[in-house]
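Colleague: The structure is given below, and queries will be raised subsequently.
No value in this document is a laboratory result; all are computed from the given coordinates. Just so it is clear, the model here is predicted, and its values are computed rather than measured. Ideal geometry is used to build each Cβ from the backbone, glycine not excepted, and the neighbour counts take in all protein chains shown.
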C-alpha cells in the first residue's frame with residue numbers, strides 16, 4: 001500500500017468571484033451542458049470556436065476551451081467566451097495558473113500528511 005495521501009479533487013475549488021452573478025451577460029448558460037467543453041474532455045485538445053464554427057455544436061458561443069491537466073489526467077475545462085484571437089494568450093495564462101494552483105494544493109496536502117505521520 002502506498003504512503004501517498006489520497007487527494008480529493010472535489011475539495012480543490014477554483015472560483016472566479018463575482019459580486020453580482022445577475023450582472024453576467026449569459027446567465028442563462030449557467031448549469032447548462034457546454035458542448036465545447038465536452039469536446040475538449042473527449043479529445044484532450046484545446047478547442048477554438050470562431051463565429052463561423054458555431055453551427056457545429058448547439059448553444060456554443062465564440063471563444064476558447066482549454067483542458068485542465070492534473071497528474072496527466074484531464075480533470076476539467078477552462079472556457080472563455082469572446083474573440084478567440086484576443087483570448088488565446090490570456091486563456092493559456094489562466095490554464096497555467098490553474099494547473100499550478102492544483103499542483104500547489106497537492107503539495108500542501110502531501111506536506112500536511114507527512115507532518116501528521118511524524
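Colleague: When the chain is fully extended, how far beyond the present Cα-Cα distance does residue 42 get from residue 116, taking 0.36 nm per residue of separation?
Modeller: 22.8 nm
Colleague: If one computes the Cα centroid of region 60-92 and of region 31-51, what distance in Å separates the two points?
Modeller: Centre-to-centre (Cα) distance: 9 Å.
Colleague: Right, something else. Would you kindly state how much longer the chain becomes between residue 72 and residue 28 on full extension, computed as 0.36 nm times their sequence separation minus their alpha carbon distance, in nm to one decimal?
Modeller: My answer for the length gained is 12.6 nm.
Colleague: Then there's this: Ranked from highest to lowest mean number of other Cβ atoms within 10 Å per residue, what is the order of the peptides 110-117, 55-62, 78-85?
Modeller: In decreasing order of mean packing, 110-117, 55-62, 78-85 become 78-85, 55-62, 110-117.
Colleague: Using 0.36 nm per residue, how much length does the chain from residue 108 to residue 51 gain when fully extended, once their Cα-Cα distance is taken away?
Modeller: Between residue 108 and residue 51, full extension yields 16.3 nm more.
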